Amino acid sequence: MPTKAFDPVDFAGFLKLLPKRVDGQTIRHAVELRHDSFRVADAVALARDRGVAIVVAGDSQYPQIADPTAPFAYARIMGTMDAEPLGYAEKELDRWVKRARLLRSGAVPADLATVCKPAAARTNRDVFLYVISGFKIRNPAAAMAMIQRLGRPGR
């Protein structure tokens, strides 16, 4: 909830409740931290210690925390527009594709906000990038345009 402020004891307790396996399947967790009070090193460290990804909230009013905290990245972009047939302008689609590639490499795109200095060690990781909210009818077109771009080297 956007009204839920960071409380280190509460957040640590919540993260400890997240199971590593369900019915024999390893599962991964991501948390979307919508209150600005989570933009602190303690919150990032708690998520990192538990291997829980902090959702990168792209083009939204929510705090952006792009610090790597898990062996995967999870981004939600929320700014599709009615005036754009693909939801985003070509330049913005290309920018998100570039960001996705950087996140995949373990890097943090310079134009995404972080709380802590990025760790020196970088490893490849899975990237989940969801197009949600905004002008919802354009979301599938935006997602398909990015998938097409990701299939082309150098774009």
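Just so it is clear, none of the values below were taken in a lab; they were calculated from the coordinates. Here the structure is a predicted model, which is why all the values come from computation and not from measurement. Neighbour counts run over all protein chains shown; Cβ positions are idealised from the backbone, glycine included.
For GLY58, nonlocal amide neighbours, meaning residues 5 or more places apart or on other chains whose placed amide H falls under 5 Å from its own, are ARG76, ILE77, MET78.
Taking the C-alpha atoms only, the angle from helix 41-50 to the longest principal axis of the chain is near 90 degrees. In this structure the amide hydrogen of PHE128, modeled in the peptide plane, comes within under 5 Å of the amide hydrogens of ALA73, TYR74, ALA75, none closer than 5 places in sequence on its chain. A straight chain from MET144 to VAL22 at 0.36 nm per residue would run longer than the Cα-Cα distance by 40.8 nm.
Of the trypsin sites (Lys or Arg not before Pro) found in region 40-130, those that fall in a DSSP loop while having at most 16 other beta-carbon atoms within 10 Å are ARG122, ARG125.
Under the definition of Cα pairs under 8 Å and six or more residues apart, what whole-number percent is the relative contact order of the chain? Provide the component values of the computation, followed by the final result.
Numbers: 269 pairs, mean separation 32.9, N = 155.
The value is 21 percent.
Descending by average beta-carbon neighbour count within 10 Å, the peptides 132-138, 40-46, 52-58 line up as 52-58, 40-46, 132-138, the highest first. The long axis of helix 90-104 is offset from the longest Cα principal axis of the chain by roughly 40 degrees. Working note: Karplus 6.51/-1.76/1.60 with θ = phi - 60° gives region 130-147 the couplings 10, 9, 9, 6, x, 8, 3, 5, 8, 4, x, 5, 5, 4, 5, 5, 6, 4 Hz, where Gly and Pro are set to x.
The number of Lys pairs in the chain with C-alpha atoms less than 29 Å apart, excluding pairs fewer than 8 positions apart on the same chain, is 10.
For a paramagnetic label modelled on CYS116 (point 7 Å from Cα along Cα→Cβ), amide N atoms under 20 Å away belong, within region 58-102, to 63-75. In this simple spin-label approximation, ALA83 and PHE14 carry label points 7 Å from Cα along the Cα→Cβ vector, and these lie 3.6 nm apart.
With contributions of -39500 (n - 2.57) from each DSSP H run of at least four residues, the per-residue ellipticity at 222 nm computed over the chain stands at -9500 deg cm²/dmol. Computed from the C-beta positions of HIS35 and PHE128, the FRET efficiency with R₀ = 22 Å rounds to 0.50.
If you take log10 I(q)/I(0) by the Debye sum over Cα atoms at q = 0.16, 0.17, 0.20, 0.21 Å⁻¹ from the coordinates, which of (i) -0.93, -1.03, -1.28, -1.35; (ii) -1.08, -1.21, -1.56, -1.63; (iii) -1.03, -1.11, -1.33, -1.39 do you get? Correct label is (i).
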